[in-house]
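**Student:** Below is one structure. I have some questions about it.
Since every read-out is calculated from the coordinates, none of them should be taken as a lab result. Every value quoted in this text rests on a predicted model; they were computed, and no experiment measured them. Note that each Cβ is placed from the backbone with ideal geometry, even for glycine, and that neighbours are counted across all protein chains shown.
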Amino acid sequence: MKDHPDQKLTFDQQNQVNTYVKATVDQQMAVANDPSKTPAEQLAAAQSADKTLTDASQAAADSGNNDLAESFAQKYGDAKVGEKLTELKIKTGDPGATEKAIGDAGNDPAKLRAVANALPDSDPRKEALGLIADGKVTGDSARKLLDAMNDQDHTFGELADAIGKSDGNPDVLKAVADVAQYKAKQNADQGNGDTAATMQNLADTMTAISKASDGVRKELSKGFDDSGNFGDFQRAFDSAGSKADVDALKAFVGYTSAQEKAGDRNPSFSHGEADKLQTISDNFDALHANPETWKKVQWAVRDNNDTSRDLRDAAKNTNDPKALEALQTLAKQSGDNDLAVRLEVVRTQYKDLSADAKEKFLKDGHF
């Protein structure tokens with residue numbers, strides 16, 4: 001920095017300039033910190049304060065008044081102009097400022113919380129950052145999620161890694177859903193329809209899986225490594241015991257099928273699993289009421305072996321007309337029209353039998 005002795009201000013003159021700049025910045029920052037102002041008005045005021053200090057500091061340095069320049073820099077910190085400016089840029093949707101703030105925060109919980117607090121409630125990243133800041137999402141999963149939030153590239157790979165390293169942690173899966181939801185909107189706004197659809201599908205799938213039971217979450221989380229995942233589905237189905245579990249399985253099938261189709265790969269699911277899972281979800285209470293019926297329904301859908309026999313065995317162990325109707329639908333969806341017709345006949349006859357005759361009728365296998 002070059003000194004210009006002939007331009008240096010006296011001590012009193014420096015005080016006068018410093019007092020003027022301080023008053024100007026304080027006035028601008030009062031507007032920037034006023035919650036009654038709109039975010040845009042607050043941002044404009046913080047930008048004005050930033051410009052006032054930057055211009056004053058540069059002018060002081062250019063004229064050789066280094067002490068004065070340093071005092072302006074100190075005022076910049078005292079008034080927290082930089083922090084407020086970043087906060088308001090994030091609040092008003094500046095993507096570059098948000099991504100830089102996330103990158104600068106690293107894994108510091110307080111800094112991540114500050115970014116989360118600055119984001120508008122409508123931004124899905126707010127909750128994801130909060131989960132990381134609160135220590136509910138940690139380790140490799142947290143790192144991959146942060147990478148996805150402050151990087152425009154390789155998002156799917158980072159999110160897939162976060163899922164794979166989650167061990168089914170529902171907070172990780174929810175955070176992935178949040179980030180994918182943000183990326184879906186971001187890509188839609190940029191006209192990237194295919195990527196937006198993929199991200200939205202991932203967000204919906206992760207939301208569904210995050211609500212499933214522990215065993216289902218753990219198995220399905222292994223299925224996002226871009227490899228064959230029918231085994232993950234089968235093991236998850238073996239653990240399924242709630243409607244939320246079935247809905248998670250259906251979401252997983254839908255997502256995987258779409259991804260494989262887009263990648264021109266042979267589909268893992270090609271026997272109408274999604275439709276069958278919807279039927280099971282719609283009739284879950286009836287099909288799950290009897291343990292033997294439920295077990296046979298699982299067997300009928302988890303693989304393509306002995307499906308007709310599994311459905312017949314399921315029918316023999318239920319005494320619920322609604323379950324029989326669902327089994328009839330499952331038979332149709334499995335391509336066994338003969339069994340579907342027989343179940344229709346059985347269902348019609350069954351509803352007219354006395355209570356004592358119903359159990360014997362099914363056990364005798366009248367279909």
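**Student:** Just to be sure I understand the model, the point goes 7 Å from the Cα along the line to the Cβ. What's the resulting GLU292 to ASN15 distance in nm?
**Tutor:** Going from the GLU292 label point to the ASN15 one covers 9.8 nm.
**Student:** Determine, from the Cβ-Cβ distance of GLU344 and GLN190 and an R0 of 56 Å, the FRET efficiency 1/(1 + (r/R0)^6), rounded to the nearest 0.05. Present the calculation step by step, with values, prior to reporting the outcome.
**Tutor:** Working: r = 52 Å, r/R0 = 0.92.
Rounded to the nearest 0.05, the efficiency is 0.60.
**Student:** Express the relative contact order of region 25-64 as a whole percentage, based on alpha carbon pairs under 8 Å and six or more residues apart in sequence.
**Tutor:** Numbers: 23 pairs, mean separation 15.2, N = 40.
Computed value for region 25-64: 38 percent relative contact order.
**Student:** May I pose another question? Which shape class applies to region 272-320: rounded if a/c is under 1.5, otherwise prolate when a/b exceeds b/c and oblate if not, where a ≥ b ≥ c are the square roots of the Cα gyration tensor eigenvalues?
**Tutor:** Working: a/c = 2.16, a/b = 1.12, b/c = 1.93.
The shape class here is oblate.
**Student:** Pulled fully out, how much extra length does the chain show between GLN234 and LYS51, if you take 0.36 nm times their separation in residues and subtract their Cα-Cα distance? The partial results should precede the final answer.
**Tutor:** Details: separation 183, 0.36 × 183 = 65.88 nm, distance 6.13 nm.
Additional length available on full extension: 59.8 nm.
**Student:** Between ASN117 and THR138, 0.36 nm times their residue separation minus their Cα-Cα distance comes to what?
**Tutor:** 5.6 nm
**Student:** Take the Cα atoms of region 184-240, build their convex hull, and give its volume per residue in Å³.
**Tutor:** Details: hull volume 4.3 nm³, N = 57.
Normalising the Cα hull of region 184-240 by residue number yields 76 Å³.
**Student:** Could you work out how far helix 39-62 tilts from the main Cα principal axis of the chain, as a 0 to 90 degree angle to the nearest 10?
**Tutor:** 40
**Student:** Quick one: helix 230-239 against the long Cα principal axis of the chain, what's the angle to the nearest 10°, folded into 0 to 90?
**Tutor:** 80
**Student:** Something else now. Binned at 10 Å from 0, what are the whole-percent values of the Cα-Cα distance distribution for the chain, short to long?
**Tutor:** 5, 19, 19, 16, 13, 10, 7, 5, 3, 2, 1, 0
**Student:** Check which residues have an amide H placed less than 5 Å from SER213's amide H, if you skip close sequence neighbours.
**Tutor:** Amide H neighbours of SER213, under 5 Å, 5+ apart: ASP245.
**Student:** Let me ask something additional. Under a plain spin-label model, where a point goes 7 Å from the Cα along Cα-to-Cβ, how far apart in nm are GLU70 and ASN33?
**Tutor:** Going from the GLU70 label point to the ASN33 one covers 2.6 nm.
**Student:** Report, to the nearest 10°, how far helix 291-302 tilts away from the longest principal axis of the Cα atoms in the chain, using its own Cα long axis and a range of 0 to 90°.
**Tutor:** Roughly 70 degrees between the two axes.
**Student:** Within a 10 angstrom radius of the beta carbon, how do LEU249, LEU159 rank from fewest other beta carbons to most?
**Tutor:** Details: LEU249 29, LEU159 26.
Sorted ascending by nearby Cβ count, the order is LEU159, LEU249.
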